[in-house]
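Only one structure is covered here, and it is reproduced in the block below.
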Amino acid sequence: MRTYKQLPVAFVRGRGATLWDSQGKPYLDGLSGIAVTNLGHCHPRVTQAIEEQARELVHTSNLFRIPGQEQLGAELIAATAMDTAFFCNSGAEANEVAIKLARRYGHDRHVKTPTIVVLEGAFHGRTLGALAATAGEGMRKPFEPMVPGFIRIAPGDIEGLNSLTSQKDIVAVLVEPVQGEGGVRPLSREYLGALRSLCDQQNWLLMFDEVQTGNGRCGALYAYQRLGVIPDVLTTAKGLGNGYPIGACLAKGEASSALRAGDHGTTYGGSPLACAAASAVVNTLADPHLLARADVIRDHILKAFGDHLANPAHVVEIRGLGLMLGIEVSVPATGLVSAALEQGTIINVTAGNTIRLLPPLVMSNDEAHQLGHSVAEIINQAPEIAA
Ligand SMILES: Cc1ncc(COP(=O)(O)O)c(C=O)c1O
């Protein structure tokens, strides 16, 4: 089915921050498969874990205990403030778990139509529940009727947030700590703090979608650990398997036991192979030096970018956290991705005019410099590219 507008390049090999196409041309990867290969392509520890597990046992189903899944759960719980984990296969699936968990939590409290607060600019995935939580009209309209039970508010509006207390049946708030697809827009600490206080006061669950911000992307295992606000529910995927599909919904406190036997399930989720890959990722990310690279790489990119940008007026704003970097431009953004690709650099444009950079944590300082330089050059050439 023609659901993707694909670029005319096929990559056949990758190492670290480099990809090679079928003609042998190298590319500097500033996208990491959309925030997935956070440890770089074919990270030796992850590759070894996958190889070894594939020789031993790939799949058994959740009808039986899965030691590797129990181990991964314990590792994630030890590394976060969470108490329990459910494993699935993608970000959208992880959010479906969170949505069901919030509704179950509501029904346990005799809330008739449990409702979840979500934000303008949000992206939570393409399955029907996650899509209903997502903001983009264009994505939603062709698939109406939407799943009910969501209220949407503007991010950052603390007054609007506080006025929600008059609405009945709210059970949870679901937000991305940094909105990814929405244009790399971090929520402020002040706003996140206000969310936490309101949720505490109202007994609502605070749920963070860390599908994109998680797994080292923002310079901590999970972004909440940098932002100082602890959610009740945390969903993740993308970088968790460094390319091997796995998602997780983690929960703490009362939320951790809201879903009970028979309430949710998946055939593949948390398979021995997926969990072996994810354990290798989580153990690799336990290295604080590696996590600290996020800000160092970011600084190198921005330094080179600033040094080579011909006209500062072409940049509206630079946003993000760690290696989630958004550069909103005032020049026409169409064609920038293809032009960069032709020059051997992989970038992305989201929300119309924001260049999104999601390079891997293993990128060298030289490569970071090269990436910043290339992006500046592309912006310098934007008027000709658009013409
Ligand atoms: C914040 C966020 N949530 C959910 C998803 C959906 O994840 P998946 O594509 O694995 O279903 C994405 C994907 O981009 C995302 O960025």
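The values are calculated or read from the model by the stated rules, or taken from the named source; none is laboratory data. It should be emphasised that the depicted structure is a prediction, and the values quoted were computed from it without experimental measurement. All Cβ positions, glycine included, derive from the backbone under ideal geometry; neighbour counts span all protein chains shown. We work out accessible area using only protein heavy atoms, side chains counted, and drop any ligands, DNA or RNA first. Shrake-Rupley method; radii C 1.70, N 1.55, O 1.52, S 1.80 Å.
Restricting attention to the chain, close to 65% of DSSP beta bridges with both partner residues there are antiparallel. Protection proxy ranking of 112-121, 158-167, by the mean of other Cβ atoms within 10 Å over each peptide's residues and highest first, is 112-121, 158-167.
Summary of packing: across the peptides 63-72, 101-110, the per-residue average of other C-beta atoms within 10 Å ranks them, highest first, as 101-110, 63-72. Under 5 Å from the amide H of residue 362 lie the amide H atoms of 40, each residue being 5 or more positions distant or on a separate chain, with H modelled from the backbone and absent for Pro and chain starts. Solvent-accessible surface of segment 44-284, averaged per residue with a 1.4 angstrom probe and all protein chains in place: 42 square angstrom.
The portion of the accessible surface of segment 44-284 made up by carbon and sulfur, rounded to a whole percent, is 53 (1.4 Å probe; DNA, RNA and ligands excluded). Here the chain is treated with +1 on each Lys and Arg Cβ and -1 on each Asp and Glu Cβ, and its dipole about the Cα centre works out to around 620 debye. Straight-line cross-link reach from residue 252 at under 22 Å between alpha-carbon atoms covers these lysines, not counting any fewer than eight positions away in the same chain: 100, 238. Between the amide H of residue 88 and those of 247, 248, 249, 270, distances stay under 5 Å, these residues lying 5 or more places away or on another chain, with hydrogens modeled in the peptide plane.
Is the shape of segment 9-146 rounded, prolate or oblate, going by the alpha carbon gyration tensor and its root eigenvalues a ≥ b ≥ c, with a/c under 1.5 for rounded and a/b larger than b/c for prolate?
Oblate.
Assign one of three labels to the chain, namely rounded, prolate or oblate, based on the Cα gyration tensor with a ≥ b ≥ c the square roots of its eigenvalues; rounded applies when a/c is under 1.5, prolate when it is not and a/b is larger than b/c, and oblate otherwise. Oblate shape, in that a/c is at least 1.5 and b/c is the bigger or equal ratio.
Angle between the Cα long axis of helix 67-79 and the longest principal axis of the chain, 0 to 90 degrees, nearest 10? Roughly 80 degrees, rounded to the nearest 10. Phi-derived couplings, Karplus 6.51 cos²θ - 1.76 cosθ + 1.60 at θ = phi - 60°, listed residue by residue for segment 233-240: 9, 10, 9, 8, 5, 5, x, 4 Hz, with x used for Gly and Pro. Take every DSSP beta bridge with both residues inside segment 176-274 and express the antiparallel ones as a percent of the total, to the nearest 5. So the antiparallel bridges amount to about 65 percent of the total. Of the beta bridges in segment 112-269, as assigned by DSSP with both residues counted there, near 30 percent are antiparallel.
Close amide-amide hydrogen proximity is noted between residue 178 and 187, each under 5 Å apart and 5 or more residues distant or on a separate chain (H modeled in the peptide plane; Pro and chain starts excluded). Ranked by the mean number of other Cβ atoms within 10 Å of their residues, highest first, the peptides 356-363, 373-380 come out as 356-363, 373-380. For the chain, the longest principal axis of the C-alpha atoms and the axis of helix 189-202 are separated by about 10°.
In the chain, helical runs assigned H by DSSP with n ≥ 4 each contribute -39500 (n - 2.57); averaged across all residues and rounded to the nearest 500, the mean residue ellipticity at 222 nm is -11000 deg cm²/dmol.
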